[in-house]
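Participant: Can you keep this structure in mind? I'll have questions shortly.
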Amino acid sequence: MKIVGVTACIAGIAHTYMAAANLKKFAKKENYDIKVETQGAMGIENELSQAEIDAADVVIFAVDTTVQNEERFTSKKILEVGTSKVVKDGRETIEAAARLAKGE
Amino acid sequence: MAGFKTEMKKLAAYFQTGVSYMIPLVTAAGLLTSIAVIFGGNGVWNETSTIWGNIRLLGQTGLNFIVPMIAAYIAFAIADRPGLAPAFIVGLIAANMGTGFLGGMLVGILVGYLAKWLKKIPLPANLQSVKSLIIIPFLATLIIGLLLIYVIGAPIQVMTTFLTAWLKGMSGANAILMAGVLGAMMAVDMGGPINKIAYAFGMAAFTSGGYQASTAMLMAIGIPPLGMFVATLLGGKKLYSEQEIESGRSALVMGIVGITEGTIPFAVADPIRVIPSIIVGTSLGCAVNGAFGTYQKTALSTVMAIPFSSNWILYTIAILVGVFTVALLANFLKKFTKKNIDVER
């Protein structure tokens with residue numbers, strides 16, 4: 001399964017990166033392919049290309065703010081959660097995304 | 001009802017986007033202004049013949065930009081690019097009218113939704129570029145600008161004046177209570193939504209000169225991680241795992257630079273004991289500072305604001321009260337209920 005994610009919190013210094021790390025950690029445990037773009041205080045890092053987004057089975061938005069360049073994701077299956085939820089329980093988010101991808 | 005709820009959730013995300021773009025502006029401008037006043041004295045306000053006067057000019061110009069900036073980026077969050085320019089213009093008017101943070105937020109919302117709505121109006125393809133380049137920026141600025149000037153500006157101005165007077169006039173028990181509540185809110189979810197509500201309130205107070213509230217809010221940021229660092233120092237291996245002691249060291253760094261999230265590893269491992277401890281400790285530290293009446297006019301957090309506080313000794317004492325309350329309470333609870341921990345394991 002291929003997952004792409006975007007994380008963004010308010011200050012853009014802590015939750016953004018902790019959520020990104022957690023998504024990668026739990027996706028790896030399930031052997032899913034994942035790439036996470038961070039929209040933090042430094043701006044957009046690890047930016048997702050349109051090809052990567054098109055190839056993904058599901059998109060995770062772990063955000064407290066709005067997503068920049070959201071139009072890239074139109075017509076994708078999107079799971080939207082807050083960053084604190086992902087920081088506290090990354091497994092649950094990855095599982096929910098997998099369920100969404102399978103259309104359950 | 002569900003639609004209303006998602007719309008409110010979206011609205012919160014729009015506000016938070018605005019705040020997130022505003023944070024670097026506030027820190028840069030607040031710090032510059034404070035440095036100028038500390039080294040140049042109160043004379044810097046009216047002159048640009050010394051370097052301190054010019055640094056004050058930089059900082060003050062930045063502070064005047066808070067309201068347009070929050071308006072612009074709330075509108076940007078709602079309507080994307082077409083919202084930005086009109087909200088900057090109308091936001092600047094709001095700032096000049098003295099409508100403060102409230103005015104900025106309202107302008108951002110109004111411009112944002114109007115621009116978003118205008119975007120949806122169907123036009124022939126050859127007019128699309130005219131729409132995004134001319135029609136939306138022009139109409140949004142004109143309509144919301146005039147609405148602000150002739151209709152909603154005056155009432156917001158009255159409300160802001162009232163709020164400012166209330167914040168500035170706050171003293172004694174009220175000031176202590178407000179500081180304590182802000183401290184508790186900042187600690188309770190360690191950088192989550194409740195923390196950000198307190199943050200937004202503190203920032204709103206900051207922009208209208210209510211420095212007691214902003215000081216309490218900013219002081220609270222570093223107390224939970226610093227407290228848990230001290231707790232691991234005092235508690236040692238009896239109460240904390242190897243990994244937690246390691247987290248304690250990074251919590252020290254995070255506490256100093258002002259990242260409340262440094263406390264999260266402890267709270268995840270033992271929420272029942274850690275979260276009440278940080279709430280009580282942070283609230284107490286802020287309340288003590290409220291009682292001293294110490295304030296600082298930068299947007300810097302806990303430790304970094306020490307040199308800029310109106311009385312650095314009292315300010316530091318208040319921080320220490322908070323930090324040690326967190327540490328001792330957490331360790332006491334862990335010790336007192338250690339049997340339960342063993343059972344849980």
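The values are calculated or read from the model by the stated rules, or taken from the named source; none is laboratory data. Since the structure is predicted, the reported quantities are computational estimates derived from the model, not experimental observations. Cβ sites come from the backbone with ideal geometry, for glycine too, and all protein chains shown count toward neighbours.
Participant: Just checking, which of B:294, B:282 is in contact with a Ser or Thr (Cβ under 6 Å, 6 or more places away or on another chain), away from chain A (no Cβ under 12 Å) and not hydrophobic (A, V, I, L, M, F, W, C)?
Facilitator: Working: B:282 fails: in contact with a Ser or Thr (Cβ under 6 Å, 6 or more places away or on another chain).
So the residue among B:294, B:282 that is in contact with a Ser or Thr (Cβ under 6 Å, 6 or more places away or on another chain), away from chain A (no Cβ under 12 Å) and not hydrophobic (A, V, I, L, M, F, W, C) is B:294.
Participant: When you scan the range B:72-110, how many residues do you find that are away from every other protein chain (no Cβ under 14 Å), out of contact with any Ser or Thr (no Cβ under 6 Å at 6 or more places or on another chain) and of a type outside the set (A, V, I, L, M)?
Facilitator: The qualifying residues number 6.
Participant: While we're on this one: Which one of the conditions (1) within 14 Å of another protein chain (Cβ to nearest Cβ); (2) buried (at least 20 other Cβ atoms within 10 Å of the Cβ); (3) more than 22 Å from residue A:12 (Cβ to Cβ) does residue B:213 fail to meet, given that it meets all the rest?
Facilitator: Of (1) within 14 Å of another protein chain (Cβ to nearest Cβ); (2) buried (at least 20 other Cβ atoms within 10 Å of the Cβ); (3) more than 22 Å from residue A:12 (Cβ to Cβ), only one is false for residue B:213: (1).
Participant: Something else: With surrounded by 15 or more Cβ atoms within 10 Å (Cβ to Cβ) and in a loop (DSSP other than H, G, I, E, B) as the only criterion, which of B:98, B:91, B:83 stands out?
Facilitator: Numbers: B:91 fails: in a loop (DSSP other than H, G, I, E, B); B:83 fails: in a loop (DSSP other than H, G, I, E, B).
Residue meeting the stated conditions: B:98.
Participant: Moving on to the next point. Just checking, which of A:41, A:14, A:19, A:96 is free of Cβ contacts under 8 Å to residues at least 24 places away in the same chain and under 29 Å from residue B:258 (Cα atoms)? Write out each step before concluding.
Facilitator: Details: A:41 fails: free of Cβ contacts under 8 Å to residues at least 24 places away in the same chain; A:19 fails: free of Cβ contacts under 8 Å to residues at least 24 places away in the same chain; A:96 fails: under 29 Å from residue B:258 (Cα atoms).
From the options A:41, A:14, A:19, A:96, the qualifying one is A:14.
Participant: Could you identify the single residue in B:184, B:173 that is surrounded by 15 or more Cβ atoms within 10 Å (Cβ to Cβ) and part of a helix (DSSP H, G or I)? Give the steps one after another, and end with the answer.
Facilitator: Values: B:173 fails: surrounded by 15 or more Cβ atoms within 10 Å (Cβ to Cβ).
Answer to the selection: B:184.
Participant: Next question, about the same structure. So if I check each of A:10, A:44, A:78, which one is over 29 Å from residue B:253 (Cβ atoms) and either within 14 Å of chain B (Cβ to nearest Cβ) or modelled with pLDDT under 90 (or both)?
Facilitator: Details: A:10 fails: over 29 Å from residue B:253 (Cβ atoms); A:44 fails: over 29 Å from residue B:253 (Cβ atoms).
Only one candidate qualifies: A:78.
Participant: Would you confirm, using the coordinates I've provided, whether residue B:161 is in the same structural domain as residue B:15 (by TED's automatic domain parsing) and part of a helix (DSSP H, G or I)?
Facilitator: Details: in the same structural domain as residue B:15 (by TED's automatic domain parsing): no; part of a helix (DSSP H, G or I): yes.
Answer is no for this residue.
Participant: Please note which helices (runs of 4 or more DSSP H) are completely contained in the range A:29-104 and include at least 2 residues that are under 12 Å from the mean Cα position of the chain (by Cα) and crowded, with 19+ Cβ neighbours inside 10 Å. Let's see the steps before the verdict.
Facilitator: Working: elements: A:50-55, A:83-88, A:90-102.
In the range A:29-104, A:83-88, A:90-102 are the helices (runs of 4 or more DSSP H) which contain 2 or more residues that are under 12 Å from the mean Cα position of the chain (by Cα) and crowded, with 19+ Cβ neighbours inside 10 Å.
Participant: Now for a separate question. Quick one: is residue A:5 within 14 Å of chain B (Cβ to nearest Cβ), in contact with a strand residue (DSSP E or B) (Cβ under 9 Å, 6 or more places away or on another chain), crowded, with 19+ Cβ neighbours inside 10 Å and not polar (S, T, N, Q)?
Facilitator: On the way: within 14 Å of chain B (Cβ to nearest Cβ): no; in contact with a strand residue (DSSP E or B) (Cβ under 9 Å, 6 or more places away or on another chain): yes; crowded, with 19+ Cβ neighbours inside 10 Å: yes; not polar (S, T, N, Q): yes.
It is false that residue A:5 is within 14 Å of chain B (Cβ to nearest Cβ), in contact with a strand residue (DSSP E or B) (Cβ under 9 Å, 6 or more places away or on another chain), crowded, with 19+ Cβ neighbours inside 10 Å and not polar (S, T, N, Q).
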